[in-house]
Amino acid sequence: MVGIAGKSAVAGCAAFMGTLGAPVPATAVAEQCANPTGTYTAAVSWGQRLIDPARIWPLSRGTGQLVAVIGTGVDGGNGQFAPGQLVGGQGTEAQDCDGRGTIAAGIVGAQPDPSTTFTGIAPGARILPIRYTQANGGGDPGQLASAIDAASDRDAGIILIAVPAATDDPALTGAVSRAREKGALIVSPASGTQQGASSFPTATPGVLAVGSANQAGEAVQAESGSYVGLSAPGAELVSTSAGAGGTVAHRWPVSDPGLAAAYVAGVAALVRAYHPELSPEQVVARLTLTAHRGPSGGHDPRRGWGSVDAYAAVSASIPAGTPGPGGPPQVGPDTVVVPAAAPVRPGTDKVSGVVAIVGVALAAAAGVVVAAARRGKRRGWKPSRFRAS
């Protein structure tokens, strides 16, 4: 469920869901649909600090990437979306009563704005808003399949399932297969709230399934399985709100396991923009290989291979042939994935900027450093995770 301070948009929308895709009456919008909490001006939220997108923007802002947000639509009236950033046309929906699609889209690509400390991960990306349901709890898997086909037909390179379905359908499996054949990376949350429950297409082969974690790193969703690839923030979040009426406005605190996938979709946009030569499978391998490992260093059925590390995912040099999600994403005990040097922040002097650029180039050229086996054994080192320098 969406845990949002104040009035529940979900409960209101469910009451008049009616025919899928039908326009929402203006009176219902005013009384029942999502409304902003306000403009967020407090300290940068923990989820945004974890991803730290500003650190990555000198390398990639997600420019050139089209991210489909499939769920409840996206309210184009929020002032933190750039003009033209939300792509219109056939199959799109720029209204969002429930509010979840707008929250997810903001996590992916909201623009930096001086009135708020909140920003999206990949502000250079464009958003393709597609609605297949108006209410929380998922919708018809056949209609979700049609929505995925619509995103694929519009050449979305990343397809974010903001609201997965609670049941499977052969049509949904077919839509996933067709989208993958066209080169799309599908990201879907493991958002089931009951033990043993699965979300779809989250559990469908070929989909990057994302678990949800709180600030302490604990999994917050009940859904689990070997298909969960990695985890991202899903509790006590901040993002853009529906119902902003042209202003910069937000909802907080938002707790919804489904929103973890929005963080990963934003990071995937950064990766694909910086590494356009990579296939969706290679992007998934990069995301899982560079994730912050848990204490065991292995796979956790609720948190996958660990928490997404956005900077390492974009900048790391990974050897060709390194095992990815098709097998355990581990490398030999003497192999180290080397992220590029941190780029200089805006406002520093030109000499430091040149040094930083050279550092990035040298780190990329250095690639993978293979330590001597004797040294590794002597130190007793084990690759619990790949970490940024």
If we scan the stretch 74-96, do we find a residue that is among the β-branched types (Val, Ile, Thr), assigned by TED's automatic domain parsing to the domain that holds LEU237, part of a helix (DSSP H, G or I) and modelled with pLDDT of 95 or more?
no
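Identify all residues within the stretch 103-130 that are small (Gly, Ala, Ser) and either within 11 Å of ARG61 (Cα to Cα) or not assigned by TED's automatic domain parsing to the domain that holds GLN143 (or both); write none if there are none.
From the stretch 103-130, those small (Gly, Ala, Ser) are 104-106, 109-110, 115, 120, 122, 124-125; that's our starting set.
Listed by number, the residues that qualify are GLY109, GLY120, ALA122, GLY124, ALA125.
Would you check if there is a residue in the stretch 124-134 being small (Gly, Ala, Ser) and over 15 Å from the mean Cα position of the chain (by Cα)?
Just the residues of the stretch 124-134 that are small (Gly, Ala, Ser), to begin with: 124-125.
Retained after the next criterion (residues that are over 15 Å from the mean Cα position of the chain (by Cα)): none.
No, there is no match, as no residue in the stretch 124-134 is small (Gly, Ala, Ser) and over 15 Å from the mean Cα position of the chain (by Cα).
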Would you mention how many residues in the stretch 267-292 are in contact with a strand residue (DSSP E or B) (Cβ under 9 Å, 6 or more places away or on another chain) and under 13 Å from THR322 (Cα atoms)?
5
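Among the residues of the stretch 108-118, are any part of a loop (DSSP other than H, G, I, E, B), under 16 Å from ILE159 (Cα atoms) and at pLDDT 95 or above?
Taking the stretch 108-118 and keeping what is part of a loop (DSSP other than H, G, I, E, B), we get 110-118.
Narrowing further to those that are under 16 Å from ILE159 (Cα atoms): none.
No, there is no match, as no residue in the stretch 108-118 is part of a loop (DSSP other than H, G, I, E, B), under 16 Å from ILE159 (Cα atoms) and at pLDDT 95 or above.
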Filtered residue count, the stretch 120-155, keeping only those that are of a type in the set (S, T, N, Q) and either buried (at least 24 other Cβ atoms within 10 Å of the Cβ) or within 16 Å of VAL67 (Cα to Cα) (or both)
3
Flag for GLY64 being part of a loop (DSSP other than H, G, I, E, B), surrounded by fewer than 24 Cβ atoms within 10 Å (Cβ to Cβ) and not acidic (Asp, Glu)
yes
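Of all residues in the stretch 211-248, how many are over 16 Å from THR288 (Cβ atoms) and surrounded by fewer than 24 Cβ atoms within 10 Å (Cβ to Cβ)?
Pass one, the stretch 211-248, residues over 16 Å from THR288 (Cβ atoms): 212, 214-224, 233-248.
Subsequent filtering for residues that are surrounded by fewer than 24 Cβ atoms within 10 Å (Cβ to Cβ) retains 214-220, 222, 224, 235-236, 243-248.
Here the count works out to 17.
For the stretch 37-46, does any single residue satisfy the condition of being buried (at least 22 other Cβ atoms within 10 Å of the Cβ), under 16 Å from the mean Cα position of the chain (by Cα) and either part of a loop (DSSP other than H, G, I, E, B) or not polar (S, T, N, Q) (or both)? First the steps, then the outcome.
Of the residues in the stretch 37-46, the ones buried (at least 22 other Cβ atoms within 10 Å of the Cβ) are 40.
With the extra rule that they be under 16 Å from the mean Cα position of the chain (by Cα), the set shrinks to none.
No, that holds for no residue.
Just to check your reading of the model, which residue among ALA147, ALA209 is under 17 Å from the mean Cα position of the chain (by Cα) and touching a residue at least 40 places away in the same chain (Cβ under 8 Å)?
Details: ALA147 fails: under 17 Å from the mean Cα position of the chain (by Cα).
Going through ALA147, ALA209 in turn, the sole match is ALA209.
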Restricting to the stretch 166-197, what's the tally of residues that are more than 28 Å from HIS275 (Cα to Cα) and modelled with pLDDT of 95 or more?
5
Tell me, please, whether a residue that is hydroxyl-bearing (Ser, Thr, Tyr), touching a helix residue (DSSP H, G or I) at 6+ places or on another chain (Cβ under 7 Å) and buried (at least 24 other Cβ atoms within 10 Å of the Cβ) can be found in the stretch 269-285.
no
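The values are calculated or read from the model by the stated rules, or taken from the named source; none is laboratory data. Note that this is a predicted model, so its numbers are computed, not measured. Don't worry about glycine lacking a Cβ; one is built from the backbone with ideal geometry, like all the others, and counts go over all protein chains shown.
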